[in-house]
2 protein chains.
Amino acid sequence: MNTEQIVIIGSGPAGFTAALYAARSQLNPLLFEGTMPGGQLMGTSYIENWPGTTSILGPKLMTNMREHAQHFGGRIMRETIDHVDFSTHPFTLKASKLGIIVSQAVIVATGATPKRIGCPGESDYWGRGVSTCAVCDGAFYKDKKVLIIGGGDSAMEEASFMTRFTSDITVIHILPQFTASPLMQERVLNNHSIKVIYESTVSKIIGDGNHVTSATIVHQKTGACQPLPCDAIFIAIGLQPNTELFKGKIELDSRGYIVKKKNTETSVHGVFVAGDVADARYRQAITSAGTGCMAALDAEHFLKNLKPAHQ
Amino acid sequence: MNTEQIVIIGSGPAGFTAALYAARSQLNPLLFEGTMPGGQLMGTSYIENWPGTTSILGPKLMTNMREHAQHFGGRIMRETIDHVDFSTHPFTLKASKLGIIVSQAVIVATGATPKRIGCPGESDYWGRGVSTCAVCDGAFYKDKKVLIIGGGDSAMEEASFMTRFTSDITVIHILPQFTASPLMQERVLNNHSIKVIYESTVSKIIGDGNHVTSATIVHQKTGACQPLPCDAIFIAIGLQPNTELFKGKIELDSRGYIVKKKNTETSVHGVFVAGDVADARYRQAITSAGTGCMAALDAEHFLKNLKPAHQ
């Protein structure tokens with residue numbers, strides 16, 4: 001079996017930038033795209049904060065990054081890593097189709113996934129009115145009643161996006177005010193198609209057996225419940241780091257994010273991390289790409305200093 | 001006098017990205033470009049490691065970033081900050097033409113500058129054969145004898161670039177092998193126009209009173225000196241952080257880099273840092289842009305939590 005120099009798990013801005021830098025460092029990286037090729041930006045429309053590019057479709061930016069990494073020799077596999085063993089070096093990984101892979105270094109860039117509410121009815125109507133991606137599913141709800149759950153940038157973006165399709169949008173937010181950046185908030189608050197219900201959550205999602213028909217909204221202070229008829233519910237209440245694969249293998253913090261020990265290195269020497277899977281604070285495409293670059297440079301440094309006996 | 005919410009000092013990828021994010025957060029940022037608008041990338045030709053863009057001229061990328069920040073309302077001043085007072089809040093800055101500016105938050109993104117050798121003759125022939133920028137000055141030396149001093153990525157880039165103009169290139173490096181990334185090294189080592197002298201330094205630069213004519217090369221182990229005729233000497237021996245303005249104002253490390261205390265915040269609460277001025281390790285356009293974004297988000301968070309009495 002060939003031993004890889006470096007395996008990258010994940011295909012958002014962090015993974016592809018790591019692959020680009022590792023490829024340009026002639027490390028012949030092998031990247032596994034996972035279950036959501038391209039990461040979270042694949043579910044966005046235009047993004048306006050990739051520096052130097054005033055406006056670009058999220059999926060287009062990711063396609064560009066993918067091709068850029070490939071252009072310099074990055075190998076990209078359309079499959080998932082199902083198991084990792086970091087207890088001995090070189091590390092062992094199991095890919096869904098390719099099987100066992102041995103690698104000197106690993107970069108984890110598995111990103112984060114939108115959280116679910118966890119209320120009754122949510123799972124029953126998942127994909128049948130309940131969604132975490134207005135860009136993906138919004139067009140199905142032309143002139144329909146739509147709820148957006150959340151108060152951060154993602155919720156604002158979902159709400160603003162939905163105004164293309166309908167003028168009956170209600171944002172439900174748990175706090176007395178939004179946490180989104182001012183510009184994003186303003187777009188929502190100034191839009192007459194969007195109503196806001198503060199200090200409230202969804203306690204139940206109700207449907208006709210086939211599709212969502214309403215939600216129960218609970219006020220956080222009074223406890224008062226009201227039914228709110230709706231055709232779609234877009235959930236944007238934060239992210240969960242994708243670290244299921246690494247539990248017990250590398251150190252995670254209390255919220256499940258991977259802990260960086262020194263620069264981008266994890267608790268395992270030779271395993272590095274980049275992007276949202278280790279970042280609960282910034283979570284931007286540009287910050288993820290930056291840490292992807294850092295992880296590749298740190299991994300290159302690690303590989304250069306490996307004793308020849310291990311190579 | 002108006003109090004600014006946020007002043008950004010510096011105009012490389014870090015400064016412009018900070019301005020973009022601060023502008024999109026409606027903080028109405030004021031950016032001072034300083035003595036080298038656009039930063040180090042203005043002295044490069046094509047760069048191939050900006051993720052998603054296989055090849056772009058460095059100055060073009062910087063123009064794009066500048067316009068992007070302006071597009072969202074970033075105000076950009078073509079002048080320098082000559083003095084800062086961080087001892088009281090809000091902070092006071094003195095601009096070369098605009099005069100005194102008061103600001104609630106400051107982002108320092110002043111970058112780093114190529115180091116000089118410090119040998120006799122270097123200052124005498126600066127700009128008359130001695131340069132730190134082959135892209136800027138290389139075309140003057142068609143079919144001439146050229147020395148490149150250094151062994152890192154920058155030195156490799158300078159040497160490779162000069163092969164467009166001449167086939168008489170010698171790289172002088174202090175160590176027994178290059179420290180550049182493998183791909184960059186290979187391009188130099190495989191190029192028949194480029195000779196390499198290892199374990200050697202330049203101890204003196206000699207000219208005819210008008211222009212460089214030769215350099216004295218000293219072997220580090222034997223101490224042997226040899227004169228080497230040359231028409232140009234490009235120096236690429238590392239960077240010096242641009243922190244002269246901040247000495248005694250914010251904490252610097254032993255090499256003069258700004259110390260980050262918490263996320264991107266410096267030793268002064270409300271003063272943040274981004275890019276190469278705080279980064280001796282990665283120093284890439286993409287990592288600088290990433291930290292520029294982080295500094296803007298940290299500054300936004302700081303401003304949001306300022307007591308109203310201070311606003």
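The values are calculated or read from the model by the stated rules, or taken from the named source; none is laboratory data. Model, not experiment: these values are computed from the prediction. All Cβ positions, even for glycine, are placed from backbone atoms using ideal geometry, and neighbour counts span all protein chains on display. Note: areas computed on protein heavy atoms with side chains; ligands, DNA, RNA excluded. Shrake-Rupley method; radii C 1.70, N 1.55, O 1.52, S 1.80 Å.
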>> Criterion first (out of contact with any strand residue (DSSP E or B) (no Cβ under 8 Å at 6 or more places or on another chain) and farther than 17 Å from B:T17 by Cβ) does B:E48 satisfy it?
In response: yes
> In this structure, is A:K249 part of a loop (DSSP other than H, G, I, E, B) and under 23 Å from the mean Cα position of the chain (by Cα)?
Replying inline: yes
> Between a first residue in segment A:22-35 that is more than 12 Å from A:L93 (Cβ to Cβ) and a second residue that is charged (D, E, K, R), which pairs have beta carbons less than 6 Å apart while being 6 or more apart in sequence or on different chains?
Replying inline: A:S25/A:E300; A:E33/A:R78
> So is B:S254 part of a loop (DSSP other than H, G, I, E, B), open to solvent by 30 Å² or more (accessible area, probe 1.4 Å), closer than 19 Å to B:H89 by Cβ and among the hydroxyl-bearing types (S, T, Y) or not?
Replying inline: no
>> If I ask for residues that are more than 14 Å from A:A299 (Cα to Cα), facing chain B (nearest Cβ under 10 Å) and aromatic (F, W, Y), which ones from segment A:2-41 would you list?
In response: A:F16
>> Among the residues of segment A:96-107, are any under 28 Å from A:Y282 (Cα atoms) and within 19 Å of the chain's Cα centre (by Cα)?
In response: yes
> In segment B:64-75, which residues are within 18 Å of the chain's Cα centre (by Cα) and either open to solvent by less than 10 Å² (accessible area, probe 1.4 Å) or under 10 Å from B:L41 (Cβ atoms) (or both)?
Replying inline: B:M65
>> Being modelled with pLDDT of 95 or more and at the interface with chain B (Cβ under 7 Å from one of its Cβ atoms) is the requirement here; does A:N64 meet it?
In response: yes
> Just for strands (runs of 3 or more DSSP E) wholly inside segment B:122-241: which have at least 1 residues that are under 26 Å from B:Q40 (Cα atoms)?
Replying inline: B:145-149, B:168-172, B:194-197, B:200-207, B:212-219, B:232-235, B:239-241
> Of all residues in segment B:85-105, which are open to solvent by 70 Å² or more (accessible area, probe 1.4 Å) and either of a type outside the set (G, A, S) or closer than 14 Å to B:T3 by Cβ (or both)?
Replying inline: B:T88, B:K94, B:K97, B:L98, B:I100
> Residues of segment A:219-244 being open to solvent by 40 Å² or more (accessible area, probe 1.4 Å), in contact (Cβ under 8 Å) with a residue 12 or more places away in the chain and within 22 Å of the chain's Cα centre (by Cα), which ones?
Replying inline: A:I237, A:Q240, A:N242
> Looking at this structure, is B:Y257 away from every other protein chain (no Cβ under 14 Å), under 13 Å from the mean Cα position of the chain (by Cα) and of a type outside the set (G, A, S)?
Replying inline: yes
> Looking only at segment A:46-58, which residues are open to solvent by less than 40 Å² (accessible area, probe 1.4 Å), more than 8 Å from chain B (Cβ to nearest Cβ) and not in a strand (DSSP E or B)?
Replying inline: A:G58
> For segment B:115-127, what are the residues that are surrounded by 14 or more Cβ atoms within 10 Å (Cβ to Cβ), out of contact with any Ser or Thr (no Cβ under 6 Å at 6 or more places or on another chain) and not hydroxyl-bearing (S, T, Y)?
Replying inline: B:K115, B:R116, B:I117, B:G121, B:E122, B:D124, B:W126
>> Contact list please: Cβ distance under 9 Å, first residue in segment A:56-81 and on the phi > 0 side of the Ramachandran plot, second residue open to solvent by less than 20 Å² (accessible area, probe 1.4 Å) and not small (G, A, S), pairs at least six apart or on different chains.
In response: A:G73/A:P29
> Considering segment A:175-215 alone, what residues qualify as being open to solvent by less than 30 Å² (accessible area, probe 1.4 Å) and either among the β-branched types (V, I, T) or touching a His at 6+ places or on another chain (Cβ under 9 Å) (or both)?
Replying inline: A:V188, A:I194, A:S200, A:V202, A:I205, A:V212
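This table checks each residue for (1) assigned to a helix (DSSP H, G or I); (2) free of Cβ contacts under 8 Å to residues at least 12 places away in the same chain; (3) open to solvent by 10 Å² or more (accessible area, probe 1.4 Å).
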position: B:H269; (1), (2), (3): no, no, yes
position: B:V277; (1), (2), (3): yes, no, no
position: B:A280; (1), (2), (3): no, no, yes
position: B:R283; (1), (2), (3): no, no, yes
position: B:I286; (1), (2), (3): yes, no, no
position: B:T291; (1), (2), (3): yes, no, yes
position: B:M294; (1), (2), (3): yes, no, yes
position: B:E300; (1), (2), (3): yes, no, yes
position: B:L306; (1), (2), (3): no, no, yes
> Has segment A:129-141 got any residue that is modelled with pLDDT of 90 or more, small (G, A, S) and open to solvent by less than 20 Å² (accessible area, probe 1.4 Å)?
Replying inline: yes
> So, of the residues in segment A:96-118 that are of a type in the set (G, A, S), touching a residue at least 40 places away in the same chain (Cβ under 8 Å) and part of a loop (DSSP other than H, G, I, E, B), which turns out to be farthest from A:F302 (Cα to Cα)?
Replying inline: A:G111
>> Taking the criterion of being modelled with pLDDT of 95 or more, at positive phi and within 14 Å of chain B (Cβ to nearest Cβ), would at least one residue in segment A:231-254 satisfy it?
In response: no
